[in-house]
Every structure is written in structure tokens, then in C-alpha cells.
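Some notes on the structure that comes next.
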Amino acid sequence: MKKVLLVGNPNVGKSVVFSRLTGVHVVASNYSGTTVEYTKGTMRIGSEKAEVLDIPGTYSLSPDSKAEQVAAEMINNFKEEDGNIFVNVIDSTNLERNLALTLELIKKKIPLVVCLNMWDEAKHTGVEIDVEKLEQILGVPVVPTTGITGEGIKNLVSCFNKAKLSKFTFKDKWHAIGKIIEVVQELKHRHHTFGERLGDASIHRFWGIPISLLVLLISFTIIRLIGESLITYILEPLFNNIWAPIMMKLSTILGGKGVIHHVVIGNLVDGQIDFVESLGLLTTGLFVPIAMVLPYIIGFYLILSFLEDSGYLPRLGILVDNFMHKLGIHGLAIVPMLLGLGCNVPGAMAARILETKRERFIASTMMAIAVPCFAQLAMVVGLVGKHGALALSMVFGTLFIVWVLLGFFLNKIMKGESPEIFIEIPPYRLPSFRVLMKKLWMRVWAFIKEAIPFMLLGVLFMNLLYALHIIDFIGKLTEPIITGILGLPKEAVGALIVGFLRKDVAIGMLSPLNMNMEQLVIASVVLTMYFPCIATFTVLLKELGIKDMLKSSAIMIFSTLLVGGIMNIFL
Amino acid sequence: MNKLFDKAHRHHGHHHGCNDLKTIHALKNGEVAKIKDILGGRNFINRAESLGIREGVQITKISSQMMSGPITVKVGQTQIAIGHRMAMRIILE
């Protein structure tokens, strides 16, 4: 099959164009490096079927980061006989800089189409480009598009058959670009927009930090508001008033006890179903993902997606850059951390935007140990939150301290030095409501599709462990550690085992153990730190390699025992 | 190679106090200057060039963060954040 490869600088909207061409929706954000691996889709060019590849953005064909390497490899491996074409997606507001890659592509003698994306924004910001002249000079088709609205995409597709090798030759790249720009581009003077003023204020040396604290405060308030409202007004009434009576009937039909009853309904508490403590497949197994976790996931991803698309995240990265350097990573590492807060799996993938192996190791290890995913976080809030804000701040405060100390020590111990930040800051953009909702839906759907089956499996697995007395057995074996060092009841080992599968279910398992506040705090911290869930582990193994993953795992287990032990002594 | 240069440069900076070379640090927010030279290894120069930072180009300082944090500049239509030490290698006219 013929291939269409989308190449271009980071954050020029390749993923949006890709979605338009293939109908496959991929996550696109307003910062560099959202796409860290190429994505495939298919489209029709006339009657022919073609494969479309969305390639991570790169500034040049001599790459700096792992994500950029993907692009360079794909271009360098090009063979003429494959009949593939390359679509160079360009940010029209930044023509001069984008042309640098275009000229490198031209030098590679590959069939090319140039796509002047973000055309509407260029018009708004007073950038005028003479498309015809540019086409004449480069000798390849040039098509203006606005990926977000879909404008120009049809034209782009109709030009795919006209893709050709450019005959443009040059000696000095920048000299050639200067000449092209002189002929094709006209900049109109205009006043500072509100967005630009806001942009400058949010990285101001005095105002930046207060603004960021305000943004975080507002973000968490909105997440809480969304989560709590959904739970209180919709989901809890739904479960208590409609689902509970149905389950009680089923319980009676099943005879109120026995193995099947135990697996499906779980234990009755005072003759009633307790959705948190019964631990049956159709009771706790459904209640935990749908009524405890999902509402917060929706709130979190709405806010995260908004922050991503607005362009605020890289600016937050700049504000914290100095501090993050003491931890061996630079400011942009907040991106994997924040994504990891949603789910550690995309967080581990996003570590690719960091340039060196050292940074990727430090960031991945810090995230896997001290950043709980939001599903787990929601469960901790639900369970530990009953003991008040102090208990919650002990859990998250400890994790934050561990996060900082871990980075600090890894930076001290590991050889080498992490590079300084050197990134492009995207302009502020008001996220489109339609795009935002689409992205939220993609992420929430991914959660429903991937998490709920795993949670049910987790609950089933847990029931099996209990029924076969495996938890009793392992509990006795591990008592010196679980009780001796961490001060938890020996049954808590069940949560640690199930935690490999799903950490949120594991936190839920602590509920019937009648632990006091201190034990709950320790158990929540330990469950976050000790090891990643299987999904995260698989990705980390792939990203870090066996050797580094072993090192990382050793750090996880050691730091868990250390921190849990210290907490046990002092609480 | 890069690292070697780093040390050499710091050493150099120490003796001359860097006062003879004007860098972005000397600019006020909003001030414009022309780039005279970029010091560094091939990697650094390539990276800078690909972001539009090269000899003869006008840059505007946008902001700088406290305690030797990154400096933000505008080149053409793009805003770029540069680490404090990296910014020292961009020499202005």
C-alpha cells in the first residue's frame, strides 16, 4: 500500500491534519511532543487506498530526542520504489523557521507536498503568504489548510497525486530561506493581543508563580466540583435507589450465601449490600469504577485537556524549571508527571519528550513511585478522606516529599548532568469546545474500555485469593514485613497483590480491614509507591529496557520499605 | 565534547566576569537586540538554529525567572525558553 507520511516541526498540527485525513482521532495538544510515536491510519486517494502515518514532530533530520529520532529514521529509510509521499506540515505563522526542515526534506530527494497549516491563525496575526509564489520557488504543491476547521483538507488530498521531487537547489540554508521569505511573506504590524499580554504575565518573574497557584487552585476546585456533583446527585442515588434493590433480589435468589453469592454479591454488611465493602463483582466491582473513580476521571481530564490545548503547560514548565533542575529533570518533565497523574501509562510514554536517557530514567522512576494515577487518587480521597483533610494531606504530602527527595538523590547519584531547558513556547489559544469534548471523550472512553474490565478482573482475582486461602498463606509469610516494618494488618498483603492488577481496587480492599487512620495513611502511601500496576510496568519495561527497569524496581521496593517504615515509627 | 566546552566556558567566564560579552541577561523585558554570535558545539548551534536562533537575527527578551531560571525570548513569531547557562552562549551586538 502507498504511504502518506506527515512530517513537520513540533506543534504545527500534524495530528489534527492526520485526524482530518483518516477519521482516526488521536490526541493533539498545544505543545511540542504530544505525539511520541507514529500513528497509522488509512485514507482513500481517488479509488486507491493509502496508509497515513502521523510522525512525531522534529526540527531537523539530525534529532535531539527519542521522539524526534522516529521521524528522522522514517525519512532516512525512504526508498523511491515504495511510491510513498511526504506531506510537510508547516505552521504558517512561523514560515521562516519551518522552512528549515522543508529545505532539509528537499535535499533528501523525496516526493513532497507542502501543507501550510494554521492558515486562519496566520491571517489573524497579520502574516500574509503568497502561496503561488512559494509553489513556484519550491517546485512542489503548496496548500493552505486549517486543520481544526477542516478548511483546505480536500485541496490537500487532491494534491497528493501531484507530489514531486523539488528541483530547488541552494548552498546556504538560511540564506536561501531569507530570500524565499523576502519574496513570499509580508508581515503586517499589529497591536499586542490580550492573549499575548496574558502569555507574558504568566511567565513573569513575579506574577508567574502566583498565577500558577491560582490556576492549580481553580483546577482542583473544578475537578472536585465535577467529581462530587456527579457522585452526590447522579451516581450514588442511581446505585442506592435502583441498583441496590436489584442486587438484593439477586442476593435472595442466590440464597444469601455460598460461593457464587460471594463472588457476585460479596459479603452483606448488617444484611445489606455495602457497595464499598461487600467486594462482589456486581456490587463493589461496578461501584468502584463507575461511582467512585469515573466522576473524578472526567473532571481531571477535562481540566488537563483544557490546560494542554490552551498552551499553559509549557509555561508552567518554565516556572518550575529551576526547581526541577535540582531533581535532575527540566521543567518540561511536568508533562509526563501531569499525564501520569491521570494514568501512569501515558505518563511513562510522555517521558520520551525528555532528551537524555538519564532524564527519562529519573522522570519515569519518580513518576512510577510517587505519582498516583487519578483512579487511585479518587479512591484514596474516598476512603482516607473520611478521616479528614489532615489524613489526606499526610498521604499526598508524604508522596510529594518522596517525589522531591527521590529526584534529588537520583540526580546526585547518577552520572552525568541533565541538559537545560530549550523549548518553543506555543502561543495561547482558546481551546475549541468541540475538540475539547472529543479529546475528553477519547480519554474517558479509554478509561472505561481498559480500566473497568481490569477492575472486574481485580475483584474476581481478589475473591479467588480469599476463597483459596492464598491471602492467609502469603499473609503469614510476609507478616514480618507487612506488620513488622509497615505496621499494617497481615491481610493487607491482599491489597498489595491485587495492586499489581489495579491500584484503585487495591485501595478499595483496605476498606473492610478496619484499619485506623495512621494505618490507612501508610497503606495508601505504600500502595502508591511499592510497584507500578501491570499496565504501567509493561510500558516502563519497553521504554527503559530490562536493566534500567530492574534498577528502577529496586529503588521502588527499597524506598517503599524505608518510607513506610519511617511513617510507622513516627505516626 | 559539549561538556568539555561547558567547563571551558565557565572557566573563561570566571576570569573575565563575562562583562565584555553582552548576552540576553543584559536586556530589559521587551528590549530588542541582534545576535552577533553563538558559542557552543555543533549540537547546540544546530538546535538553536532549528528554533530560529542564529547570527544576525533580532531577538526580544520577554522575561526571566528568578534565581538563574530560564529566560524567555521572542524570535520572529516564536517564543522560546532557554536555560540560563545556555543563554550565556548567545552573544549580542
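The values are calculated or read from the model by the stated rules, or taken from the named source; none is laboratory data. Computed from a prediction, not measured in an experiment: that's the story for all the values here. Cβ coordinates were reconstructed from backbone atoms using ideal geometry, including for glycine residues, and neighbour counts include every protein chain displayed. The area values use the complete protein model at the heavy-atom level, side chains included, leaving out ligands, DNA and RNA. Shrake-Rupley method; radii C 1.70, N 1.55, O 1.52, S 1.80 Å.
Would you please name the residue that is surrounded by the fewest Cβ atoms within 10 Å (Cβ to Cβ), looking only at residues in region A:376-423 that are of a type outside the set (Phe, Trp, Tyr), within 20 Å of A:MET337 (Cβ to Cβ) and within 14 Å of another protein chain (Cβ to nearest Cβ)? Step by step, filter region A:376-423, then rank; the result is A:GLU420. Here is a check on your reading of the model: is A:ASN76 in contact with an Asp or Glu (Cβ under 9 Å, 6 or more places away or on another chain), among the polar types (S, T, N, Q) and away from chain B (no Cβ under 13 Å)? No: the conditions fail for A:ASN76.
Selection of region A:131-189 for residues being aromatic (Phe, Trp, Tyr) and under 21 Å from A:SER60 (Cα atoms) yields A:PHE168, A:PHE170, A:TRP174.
Comparison of B:ILE91, B:ILE80, B:ILE53, B:ILE45 shows that the only residue that is within 7 Å of chain A (Cβ to nearest Cβ) and either free of Cβ contacts under 8 Å to residues at least 40 places away in the same chain or in a strand (DSSP E or B) (or both) is B:ILE80. Which residue, of A:PHE78, A:PHE18, is open to solvent by 30 Å² or more (accessible area, probe 1.4 Å) and of a type in the set (Phe, Trp, Tyr)? Every option except A:PHE78 fails the conditions. Only one entry in A:GLU132, A:GLU128 is at pLDDT 90 or above, surrounded by fewer than 17 Cβ atoms within 10 Å (Cβ to Cβ), within 14 Å of another protein chain (Cβ to nearest Cβ) and more than 21 Å from A:PRO10 (Cα to Cα), namely A:GLU128. Within region B:56-67, the set of residues being more than 7 Å from chain A (Cβ to nearest Cβ) and assigned to a loop (DSSP other than H, G, I, E, B) comprises B:GLY56, B:VAL57. Of the residues that make up region A:100-123, is at least one surrounded by fewer than 17 Cβ atoms within 10 Å (Cβ to Cβ), of a type in the set (Asp, Glu) and either within 13 Å of chain B (Cβ to nearest Cβ) or under 23 Å from A:ASP82 (Cβ atoms) (or both)? No, the conditions are met nowhere in region A:100-123.
Taking region A:23-36 as the range and being of a type outside the set (A, V, I, L, M) and either buried (at least 20 other Cβ atoms within 10 Å of the Cβ) or in contact with a helix residue (DSSP H, G or I) (Cβ under 6 Å, 6 or more places away or on another chain) (or both) as the test, the residues that pass are A:HIS25, A:SER29, A:ASN30, A:TYR31, A:SER32, A:GLY33, A:THR34, A:THR35. Looking across region B:68-77 at every residue that is facing another protein chain (nearest Cβ under 7 Å) and at pLDDT 90 or above, the one that is farthest from A:PRO426 (Cα to Cα) is identified as B:PRO70.
Residue pairs whose Cβ atoms lie under 8 Å apart, separated by 6 or more positions or on different chains, with the first residue in region A:502-531 and open to solvent by 10 Å² or more (accessible area, probe 1.4 Å) and at pLDDT below 90 and the second part of a loop (DSSP other than H, G, I, E, B) and among the polar types (S, T, N, Q), are A:PRO512/A:ASN267. Being surrounded by 14 or more Cβ atoms within 10 Å (Cβ to Cβ) and away from chain B (no Cβ under 11 Å) is the filter here; which residues of region A:424-435 pass it? Selection gives A:ARG429, A:PRO431, A:VAL435. Of the helices (runs of 4 or more DSSP H) lying entirely inside region A:237-339, the ones with 1 or more residues being within 20 Å of A:ILE507 (Cα to Cα), in contact (Cβ under 8 Å) with a residue 12 or more places away in the chain and open to solvent by less than 40 Å² (accessible area, probe 1.4 Å) are found at A:259-264, A:284-287, A:294-310. The single condition among (1) surrounded by 13 or more Cβ atoms within 10 Å (Cβ to Cβ); (2) over 30 Å from A:GLU132 (Cα atoms); (3) among the hydroxyl-bearing types (Ser, Thr, Tyr) that A:THR221 does not meet is (1).
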